[in-house]
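For reference, the structure is listed below as structure tokens.
Any read-out appearing in this document is the output of simple, stated calculations on the displayed coordinates, not a laboratory observation. Nothing here was measured: the structure is a model prediction, and the numbers come from that model. FYI the Cβ positions are ideal-geometry reconstructions off the backbone, even for glycines, and counts take in every protein chain you see.
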Ligand code: URA
């Protein structure tokens, strides 16, 4: 991927995102829509994967058939909201290896605090796709990617549902080598670090915890 920021403006993505933003949308629908959008974002974030060919025989003749080159992808979910996007991308890349980074935002400082880190081996040989629906301040994503780079990852992409300009700028500054794929970039962050107009707290809306 060459672009630092890709906004997926496909009508299906935009329509589903509007349904998710609506505060009247139920937990069940929100989760289902996130999974569906995740399929469409995954299609973009896996574009341009390096390909090779393998010899197979169709019922008619042998052929050199295209397949994705290299080791299995690593998908890393930033807990807990990342799991909603993870479920969708795993539908499309079921053999991927999966890692989790647990970070919560200190409500006062908005800084990320790590409480869990478990990732697949050999990250240096894999494309690693980090998923988190909301790129808000960028603090959690930058911290998660710092940790993944320390663990050996050197080929990363970041997939989110919604981004704030502040988060995109923070990522561009800290990790200019990590392309971002998102469905939209909203107006701004409010004083509590929420994306405006946004969709509220993605984790709460996905799991019905508020
Ligand atoms: N995390 C969320 O879930 N929502 C926001 O708007 C910002 C961060």
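Quick look at the numbers
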item	result
Rule-of-thumb Rg ratio for segment 2-118 [Cα; 2.2 N^0.38 Å; N residues]	1.36
Extent along principal axes [Cα atoms of segment 119-164; Å; largest to smallest]	31, 16, 14
Normalised alpha carbon radius of gyration of segment 5-207 [divisor 2.2 N^0.38 Å]	1.05
Cα Rg over Rh - segment 55-159, Kirkwood	1.12
Degrees, to the nearest 10: 82-92 long Cα axis against longest axis of the chain	20 degrees
DSSP-defined beta bridges in the chain - what % are antiparallel, rounded to 5	40 percent
Mean Cα-pair separation over length for segment 23-84, i.e. relative contact order, pairs under 8 Å, 6 or more apart, %	26 percent
Net lengthening on full extension, residue 115/residue 51 (0.36 nm per residue, minus Cα-Cα)	19.4 nm
Cβ crowding within 10 Å averaged over residues, with 42-50, 56-64 ranked highest first	42-50, 56-64
